[in-house]
Every structure is written in structure tokens, then in C-alpha cells.
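> Below: one structure in C-alpha cells.
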Amino acid sequence: MHPSTPSLTDEQAQAVVAFAPDGVLVVDASGTIVSANTRLCELFGYDIDDLVGLSIDVLVPDEVRGLHRTHRAGFLEKPSVRMM
């Protein structure tokens with residue numbers, strides 16, 4: 001980061017994610033949901049307390065669930081940005 005660039009506090013960063021216009025989901029290496037923002041919950045029709053702790057697979061259609069597991073494993077080996 002450039003020395004003159006102000007950094008966000010943790011609280012500010014959390015607010016950016018919480019109020020983002022797009023759904024944001026955070027999962028751990030095993031695919032367990034650890035965090036989601038309000039927009040994502042609205043899109044999928046869940047309360048945040050119901051999502052946290054579930055497998056990401058509950059949000060993936062049955063017909064692509066196996067492929068998604070493969071994509072997730074590939075991402076862990078070589079992270080890259082891609083649209084979902």
C-alpha cells in the first residue's frame with residue numbers, strides 16, 4: 001500500500017462489505033460459510049444466522065454441485081478472481 005493511502009479500520013471494512021450492493025459470501029477451506037452480507041441473504045432468502053455454519057453446497061444447484069466442489073478445490077490450489 002502506498003504510504004499516503006489511508007487504510008480502513010476493521011470496522012470500516014466490515015461496513016463496506018455489509019452494505020455492498022452485491023452479495024458477498026466468505027467460506028473457509030472446507031466450504032463452510034463463515035460470513036455473508038445482507039444482500040446475499042436477500043438474494044438467497046436466508047437469515048444470516050441460518051447460513052453461517054452451513055456448507056456452501058446448500059446454495060449451489062444440485063446439477064452443478066459436484067463441479068462446484070472441483071472448482072473450489074482448484075481455487076484453493078491456485079486462487080484467482082472469477083465471476084460466480
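Any read-out appearing in this document is the output of simple, stated calculations on the displayed coordinates, not a laboratory observation. The model shown is predicted, which means the values in this text are computed figures rather than measured ones. Counting neighbours? That spans all protein chains shown, and the Cβs are built from the backbone with ideal geometry, glycine included.
> Against the longest principal axis of the chain, how steep is helix 65-77, in degrees 0 to 90 to the nearest 10, with axes from Cα atoms?
Approximately 40 degrees, to the nearest ten.
> What length, rounded to one decimal in nm, is gained on full extension from Leu54 through to Val26, with 0.36 nm per residue of separation minus their alpha-carbon distance?
8.9 nm
> What full-extension length gain, to one decimal in nm, is calculated for Ala13 and Asp62 as 0.36 nm per residue of separation minus the Cα-Cα distance?
14.3 nm
> Residue by residue through the range 43-50, what is 3J(HN,Hα) from phi via Karplus (6.51 cos²θ - 1.76 cosθ + 1.60, θ = phi - 60°)? Round to whole Hz and write x for glycine and proline.
Each residue of the range 43-50 in turn: 4, 9, x, 10, 7, 4, 5, 7 Hz.
> Per residue of the range 14-25, what does 6.51 cos²θ - 1.76 cosθ + 1.60 with θ = phi - 60° give for ³J(HN,Hα)? Whole Hz please, x for Gly and Pro, Karplus curve as stated.
Those phi angles translate into 5, 5, 4, 5, 4, 10, 5, x, 9, x, 10, 10 Hz.
> Follow-up question, since we're still on this one. The list (1) 48, 31, 20; (2) 35, 30, 27; (3) 40, 29, 29 gives values of Cα extents along the principal axes in Å, and only one came from this structure; which label was calculated from it?
It is the one labelled (1).
> A further question on this structure: Taking K and R as +1 and D and E as -1, what net charge do the other residues with C-beta under 15 Å from the C-beta of Arg65 add up to?
After counting each charged neighbour, the total is -1.
> Moving on to the next point. Would you kindly state how much longer the chain becomes between Arg69 and Leu43 on full extension, computed as 0.36 nm times their sequence separation minus their alpha carbon distance, in nm to one decimal?
Length gained, Arg69 through Leu43: 7.2 nm.
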